[in-house]
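First the structure, in the form of structure tokens, and then the observations on it.
The values are calculated or read from the model by the stated rules, or taken from the named source; none is laboratory data. On a predicted model such as this, the values are computed, not experimentally measured, just so you know. Virtual Cβ from ideal backbone geometry, glycine too; neighbours counted across all protein chains shown.
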Amino acid sequence: MEGKTHIVGSLAAGALYLNLGGAVGHEALFFGSLALGALIPDIDHTGSLIGRKVPLIDNIINTVFGHRSFTHSLLFLVLAFFLFQQTSWPKDIELGILMGMFSHMVLDMLTKQGVKFLWPLKIEIGIPGGIRTGGAIEQGFFIVLVIYLCYVGFHFYL
């Protein structure tokens, strides 16, 4: 999936979380963290939105692990969770980043390539014949997510 789809997908996941009764203290921090978290797993891709911002780090991670492996895994989520336990960041930021990262992984599971969610096991989890990154189906999915966000935003905030 493209960066814009990951961002909108994470915001939709956050909106769904709140719509189903989840609570956060500061929604702006939560939604901003969702967007950031949605980009973090692609730190392993040199051409990604976040990868272009940190060229040395993305090259190292890509060389060591490859794309859609370690940074798209359950292990990466667990390590991030434990790292957050060592910080004094607001819980809204921690939850947003973790949810954004997880939504990224789920969306990439819908693609032809899939992800190595159980890394270091080499098992790829994806949909055979899944969505082509940047293709027409992804663009349609992006529009559906935007419409959902508008709908929820209208009913939740107005």
#### Entry: Scan of segment 1-23 for residues that are over 22 Å from residue 79 (Cα atoms), at pLDDT 95 or above and either in a loop (DSSP other than H, G, I, E, B) or among the polar types (S, T, N, Q) (or both), ordered by number
5
### Message
For the condition in contact with an Asp or Glu (Cβ under 9 Å, 6 or more places away or on another chain) and touching a residue at least 40 places away in the same chain (Cβ under 8 Å), what is the one hit in 70, 81?
### Response
70
### Residue within segment 133-146 that is under 15 Å from residue 16 (Cβ atoms) and free of Cβ contacts under 8 Å to residues at least 60 places away in the same chain present
yes
### Selected residue (criterion: surrounded by the fewest Cβ atoms within 10 Å (Cβ to Cβ)) from residues of segment 83-105 that are hydrophobic (A, V, I, L, M, F, W, C) and under 18 Å from residue 25 (Cβ atoms)
89
### Task
Just give me the residues in segment 49-82 being surrounded by 12 or more Cβ atoms within 10 Å (Cβ to Cβ) and aliphatic (A, V, I, L, M), in sequence order.
49, 50, 54, 57, 60, 61, 74, 75, 77, 79, 80
### Task
Evaluate the following for residue 22: is it more than 10 Å from the chain's Cα centre (by Cα) and among the small types (Gly, Ala, Ser)?
yes
### Query
For segment 110-147, which residues satisfy the criterion of being buried (at least 18 other Cβ atoms within 10 Å of the Cβ) and under 20 Å from residue 79 (Cα atoms)?
115, 116, 117, 119
### Query
Hey, among the residues in segment 25-48 that are assigned to a loop (DSSP other than H, G, I, E, B) and either hydroxyl-bearing (Ser, Thr, Tyr) or modelled with pLDDT of 95 or more (or both), which one's surrounded by the fewest Cβ atoms within 10 Å (Cβ to Cβ)?
46
### Task
Output yes when any residue across segment 94-108 is over 18 Å from residue 4 (Cα atoms) and modelled with pLDDT of 95 or more, and no when none is.
yes
### Message
Condition first: of a type in the set (Ser, Thr, Tyr) and at pLDDT 95 or above. Now tell me which residues in segment 70-93 satisfy that.
### Response
73
### Query
Taking segment 67-84, which residues are over 16 Å from residue 1 (Cα atoms) and in contact with a helix residue (DSSP H, G or I) (Cβ under 7 Å, 6 or more places away or on another chain)?
70, 76, 77, 80, 81, 84
